[in-house]
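Throughout, read-outs are computed from the coordinates displayed, never taken from laboratory work. The model shown is predicted, which means the values in this text are computed figures rather than measured ones. Please note: Cβ atoms are built from the backbone with ideal geometry, for glycine as well, and neighbour counts cover all protein chains shown.
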Amino acid sequence: MLDIKRIRDNEAEVREGLINRNADTKVLDDFIEADKKRRVLLTEVEQLKSQRNTVSKQIGLKKRNGEDTTEIQNQMKDLGVEIAKLDQDAKEIEESFQNLLLKIPNVPCKTIPVGKDESANRVAKTVGEAETFDFEPKDHVTLGENLGMFDFERGTKITGSGFPLLLGMGSRLQRALIQFMLDMHVDKHGYTEMLPPFVCNAASMTGTGQLPKMEDDMYKTTEDGLYLIPTAEVPVTNFYRQDIIDKELPVCLTAYTPCFRREAGAAGKVNRGLIRVHQFDKVEMVKFVKPETSYDELESLLDNAEDVLKALGLHYRILELCTGDISFAAAKCYDIELWAPGQDAWLEVSSCSNFEDFQARRASIKYKDEAGKNQFVHTLNGSGVALPRLMVAIIENGQQEDGSIVLPDAIVPYMGGIKTIK
RNA sequence: GGAGAGGUGGCUGAGUGGCUGAAAGCGCGGGAUUGCUAAUCCUGUGUAGUCUAAUUACGGGCUACCGGGGGUUCGAAUCCCCCCCUCUCCGCCA
């Protein structure tokens, strides 16, 4: 959430941010109104409480002196009724105030492109070149099913559409990739590995910004009110919820988790196979940093994600997302897209975002600055990277005319020396 | 899942209705003293909201917070109810 003072003092700046996001500014208007009401009410009720506290203390003193206090007690009783009534009003306005605050998105960073939707995203760079084929390249579904790497029909039978089932070398390749990426982030990039819960409570979901807005996009357990995580960002960031980090910043964590997302993709060719699914695996990187370093840290986070793709020799590009395309909690975001020749399309495999103090305020994550004062950290996260589309790119780029898949050299040691899936 | 014990400030730990936002100790900050290392003494040391102030800053007032929520009372860390968590024992279990 945003700093209340920032909204009060720089309303125009916040409003502009929302407009640039293509977001409704009504929530801001409502918030400002609620804020005014709340402050008036708080002042009033707190004055009455102060009065009550003072008199109550006097009652205590008088009683000890044996004086009769019946009359002032009755007066205080009446005051108590009034306070209770105002308190109720204050509670209601406080609730709506908080709810509105939680619904205001982050203000986009000043430097990012302004635009309504993805058409305004800027291609920051393109790395490598598209694989060329002297035959018609097939898509990953055809290739993988022929090789027994996955069985989508049975996944659908067991659970429903969008729940992919990997098999044999498909399963093995994905496991190898997870291991490969975690090793890289831990050994080369200095992250600490974490294996968190895959289910989180509402407080955690609110902390990172999934709730209240994305409630319908998540799987929820009926008995316990817990949510299946849509990304490792949730448990990993909430590691420090309600905490003051006592470690030297930055703190860098990485985690493999499955991710569960309800949002239904349109069925059909563009979302065929592994492209858009309800359950997928991902290796995530999360950073807790000092505010003044967060934009440098974003660049290094992006580097860390790119390293994976470079090591695998894949053709990719970096998009700098525009104001209308960044997520609710982000101030700035880079997407990484892989080239998939079988799709003849770019596939998003990573989003690297700086949330500034937006999540830290929601989740109350602080550190002690040089002066010993508690300050909110900045949080960042990025996929490093998501598995299904990485699989798609490896399969479609490595395909041979005979339908076999030549694997990137870097992954071979993780495959027990297997160089080709056939 | 059942039974018992317990959850107080950075930590240890006192506190069963008012003089307790909270003793004491430890830790930490500032100062003094001692010719080394060390020790001693003094002093300060929670968070959030809100009002006030105003160029910021510093400050001051008030309210709330002793696991969370509700209740009783003029007044609650303290009494009552519900929930959560931790520990011990039992049950079940990969």
*asked:* What does the extension gain come out to for A:GLU401 and A:LYS368, with contour length at 0.36 nm per residue minus their alpha carbon separation?
replied: 5.9 nm
_Within region A:358-378, list the residues whose amide N lies under 17 Å from a label point set 7 Å along Cα→Cβ of A:THR192._
A:365-368, A:377-378
*Based on the mean of other beta carbon atoms within 10 Å per residue, what is the order of A:227-234, A:406-413, most packed first?*
A:227-234, A:406-413
*asked:* For chain A, what does the helix formula give at 222 nm: sum of -39500 (n - 2.57) over DSSP H segments with n ≥ 4, over the residue count, nearest 500 deg cm²/dmol?
replied: -13000 deg cm²/dmol
*Could you pull out which residues in region A:349-380 have an amide N less than 13 Å from a spot 7 Å beyond the Cα of A:LYS290, following the Cα-Cβ vector?*
A:367-373, A:375, A:377-378
*asked:* Relative contact order of region A:313-389, please, whole-number percent, based on alpha carbon pairs below 8 angstrom and at least 6 residues apart.
replied: 26
*Listed pairs A:LYS220/A:LYS310; A:LYS138/A:LYS310; A:LYS5/A:LYS373 exceeding 27 Å between Cα atoms*: A:LYS220/A:LYS310
_Highest-fluctuation residue, A:PRO105, A:PRO164, A:PRO197 considered, GNM on chain A with Cα pairs under 10 Å_ = A:PRO197
_Measure of compaction for chain A (Cα Rg per 2.2 N^0.38 Å)_ = 1.22
*asked:* Would you calculate the convex hull of the Cα atoms in region A:60-129 and tell me its volume per residue in Å³?
replied: 192
*Label point 7 Å out from A:GLU248 along Cα-to-Cβ: which residues of region A:278-305 have amide N under 16 Å?*
A:288-290
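Nearest 20 debye, what's the magnitude of the dipole of region A:262-370 about its Cα centre given +1 on Lys and Arg Cβ and -1 on Asp and Glu Cβ?
Roughly 560 debye, rounded to the nearest 20.
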*asked:* Beyond 26 Å, how much of the Cα-Cα pair distribution for region A:177-296 remains, as a whole percent?
replied: 29
*Charge-dipole axis of chain A as Lys and Arg at +1 and Asp and Glu at -1 on Cβ define it, positive-most pick from A:ILE229, A:GLY17, A:LEU79*: A:LEU79
_To make sure I understand the rule: partners must be lysines, Cα under 17 Å from the Cα of A:LYS368, and not fewer than 8 residues away in the same chain. Which ones qualify?_
A:LYS247, A:LYS287, A:LYS290
*asked:* If packing is taken as the average number of other Cβ atoms within 10 Å across a peptide's residues, how do A:78-85, A:108-115 rank, most packed first?
replied: A:108-115, A:78-85
_Kirkwood-Stokes translational diffusion coefficient of region A:114-224, alpha-carbon pairs, 4 °C, 1.567 mPa s, µm²/s_ = 68
*Might you report the magnitude of the Cβ-based charge dipole of chain A about its Cα centre, with Lys and Arg at +1 and Asp and Glu at -1, to the nearest 20 debye?*
1120
*For chain A, which DSSP H helices look membrane-span-like by this rule: Cα extent along the axis of 18 Å or more and mean Kyte-Doolittle of at least -1.0?*
A:26-64, A:70-103, A:168-183, A:294-311
*Set Lys and Arg Cβ to +1 and Asp and Glu Cβ to -1, take the dipole of chain A about its Cα centre, and tell me which of A:LEU167, A:LEU274, A:ASN99 lies farthest positive.*
A:ASN99
_Candidate lysines - alpha carbon under 17 Å from A:LYS116, same-chain residues fewer than 8 apart omitted_ = A:LYS332
*Counting only pairs 8 or more places apart or on different chains, how many lysine pairs in region A:24-102 have C-alpha atoms closer than 13 Å?*
5
_Relative packing of peptides A:324-331, A:281-288 - highest average C-beta neighbours within 10 Å first_ = A:281-288, A:324-331
